Amino acid sequence: MILKKIISPDDLKTLTIPELKQLLTEIRELIINTVSTNGGHLASSLGVVELTVAIHYIFNAPQDKIIWDVGHQAYAHKILTGRKDAFGSLRTIQGIAGFPKIEESPYDAFTTGHASTSISAALGMAIARDMAKESHKIVAIIGDGSISGGLAFEALNHAGYLGKDILIILNSNEMSISPTVGALAKYLNKILTAPIYNRFRKDVQELLSKVPRIGNTVVDLAQRVEEGIKNVLVHGVLFEYLGLRYIGPVDGHNLPLLIETLKSVRKLKGPILLHVITKKGYGYEPAEKHPDMFHGLGPFDVTTGQSQKGQGITFSEVFGNALVELAASNPKIVAITAAMEDGTGLGEFKEMFSKRLFDVGIAEEHAVTMAGGMAASGLKPVVAIYSTFLQRAYDQILHDVCLPNLPVVFCLDRAGLVGEDGATHHGVFDIAYLRHMPNITLCAPKDAAELKEMLALGINSNSPFAIRYPRGKVVAPPSPVKNGENTIVEMGRAEVIRDGMDAYIIACGSMTWIAIEAALRLDGEFSLGVINARFIKPLDTETILRVAEKTGRIITLEEHVLAGGFGSAVCELLNKYRIKAGITSLGLPDSFVEHGKTSLLLKKYGLDVDGVVEGIRENMGR
């Protein structure tokens, strides 16, 4: 078994091409078997195995810096860089992360998890390298999805302007590899990357530039002829105009060709863009046929490719179904997402109202400002984006929606802990980055019925409206619960689920069920009321002040960081009205939360039922 011999990328350099090809198979087997147990990003990682091997075969990491955009395709990279024995712990608590992390390995040159960052990071490293008078290489690998983000184009523009020595590998995995184009590209790449051609090209330009009067004209003409040829054959002239040398496209599954091309490219200087074409899921038939299903998934059966799906409906599905119902009677409703149609539950909406769905790609900033333009023109835009990704559009929400007070509805999927994807994906900052914005309403449903009602409220609102809801299945009531006040969702009103004499737990969103269980378990020790806050902004001032004065003690509960979160909002309210009540806020600490099963993370941070019970006992005893 070849993989057993690989301790570091240096071991690759001793292998023959047949041995490297055998290694490709072994890497894919390890990735498939691990993801089938742990879940993860399979299709993207399988698609770049050849490219990963070729990069580490030619370059000398960690001296050379390898930066993976997003990083969800870096499984083979982790296996080859000293983590193959630990790969079975992928995405488990205290195991290796599903994305590159600086603190995990010196081979992970940059911590990633969000898209379109690699070129900016690579350029920053190139500037630092040159200032230190060092000579190592810097490689950024970015996909055709990530390069659609505005940050990537800003970085491309600057990289071309500065002319720094970096290699950008553009991995296209949605294009087919035409035999004709592939053959032409292969021939052209041999010419363009050959040292003799590049020396000749440079010498000719220098010679012609010295020719009196007509020298520059001749050089310009030569450049235009070359660009014209490349534009016809390989469509790379856009990058050339940005100041990058374009090479490609290259078949990303032809290992000898990749090695040959990278060996030649490594000798070149300046900003270079190498265009590689791969197929998502390559080497595993189910993932090749359904790359979207195998992008990010839970455990599955390797033989059939079937995922192990639990019972029940997800919040994403509830949102999608509710939006379809509302859109059927309101033609002004439009939906916007950022490369997450299926992830946000908009599949049925696309089928029913294809002309009213706008997927902007990985461009959250554009999505929000475009929604503002729609709202200013009389439409009812609903922006469905994961909580962690919407934070990238902070200024657009503030400046282009809240400032002009436009009726855009933001649906923040994956709010709270998301589990195995870890720190880059936990949606635990949205309350803090939204609630201080003037004009916005922010709410959180505890169940499917509330989500539907809140969506309807948002669409009928004349101001910005945000709804945060968690990843996964809708939670059913865990125990018999007394129906209290305000069972129908009303703007700015909380739901009093049960009364208490000693204290009230005021819970945010799905944590309401944890609050109910904790209160029931503590019956006999304390008389605890439970309130489902529903609205984070505006808070139900009347209800909160009433129960605070009644018991003199409040406990807030949220699946969010405490700094600037829901508990902070309640503290501010009590302070504003000078209510002397003891308040305990239970939530996440001022630190990034690691990856692992959500249930284990909730337990670790004292937000499962046991933890909340102990937290209440500790604070009620003071």
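The values are calculated or read from the model by the stated rules, or taken from the named source; none is laboratory data. Predicted, not measured: the structure shown is a model, and the values here were computed from it. Cβ placement follows ideal geometry from the backbone for every residue including glycine, while neighbour counts extend to all protein chains displayed.
Descriptive notes on the structure:
- Against the list (1) outside any helix (DSSP H, G or I); (2) at pLDDT 95 or above; (3) closer than 12 Å to residue 385 by Cα, the condition residue 340 fails is (2).
- Selection from the range 57-76 of residues that are in a helix (DSSP H, G or I) and touching a Lys or Arg at 6+ places or on another chain (Cβ under 9 Å): 57, 58, 76
- When residue 405 is tested against (1) assigned to a helix (DSSP H, G or I); (2) surrounded by fewer than 21 Cβ atoms within 10 Å (Cβ to Cβ), just one condition goes unmet, and that condition is (1).
- Identity of the residue in the range 253-275, touching an Asp or Glu at 6+ places or on another chain (Cβ under 8 Å) and modelled with pLDDT of 95 or more, that ends up surrounded by the fewest Cβ atoms within 10 Å (Cβ to Cβ): 254
- Residues of the range 103-113 include none that is at pLDDT below 95 and out of contact with any Ser or Thr (no Cβ under 8 Å at 6 or more places or on another chain).
- Filter result for residue 160 (over 30 Å from residue 360 (Cβ atoms) and not in a loop (DSSP other than H, G, I, E, B)): no
- Test for residue 410: is it of a type outside the set (D, E, K, R), more than 18 Å from the chain's Cα centre (by Cα) and surrounded by 23 or more Cβ atoms within 10 Å (Cβ to Cβ): no
- Of residues in the range 474-487 being surrounded by fewer than 16 Cβ atoms within 10 Å (Cβ to Cβ) and touching a strand residue (DSSP E or B) at 6+ places or on another chain (Cβ under 9 Å), the one modelled with the highest pLDDT: 487
- Odd one out for residue 269 among (1) more than 27 Å from the chain's Cα centre (by Cα); (2) under 24 Å from residue 33 (Cα atoms); (3) touching a residue at least 60 places away in the same chain (Cβ under 8 Å): (2)
- When residues of the range 520-542 are limited to those that are touching a Gly at 6+ places or on another chain (Cβ under 7 Å) and small (Gly, Ala, Ser), the one surrounded by the fewest Cβ atoms within 10 Å (Cβ to Cβ): 527
- Residue check, residue 5 at pLDDT below 95, farther than 24 Å from residue 101 by Cβ and either of a type in the set (A, V, I, L, M, F, W, C) or surrounded by fewer than 18 Cβ atoms within 10 Å (Cβ to Cβ) (or both): yes
- Flag for residue 287 being part of a helix (DSSP H, G or I) and modelled with pLDDT under 95: yes
- Residue check, residue 338 among the aliphatic types (A, V, I, L, M), farther than 30 Å from residue 34 by Cα and buried (at least 18 other Cβ atoms within 10 Å of the Cβ): no
- Test: residue in the range 290-311 that is crowded, with 22+ Cβ neighbours inside 10 Å, modelled with pLDDT under 95 and either assigned by TED's automatic domain parsing to the domain that holds residue 53 or part of a loop (DSSP other than H, G, I, E, B) (or both): yes
- Cβ-Cβ under 7 Å pairs, at least 6 apart or on other chains, the range 103-115 side assigned by TED's automatic domain parsing to the domain that holds residue 149 and buried (at least 17 other Cβ atoms within 10 Å of the Cβ), far side part of a loop (DSSP other than H, G, I, E, B) and among the acidic types (Asp, Glu): 112/69; 115/69
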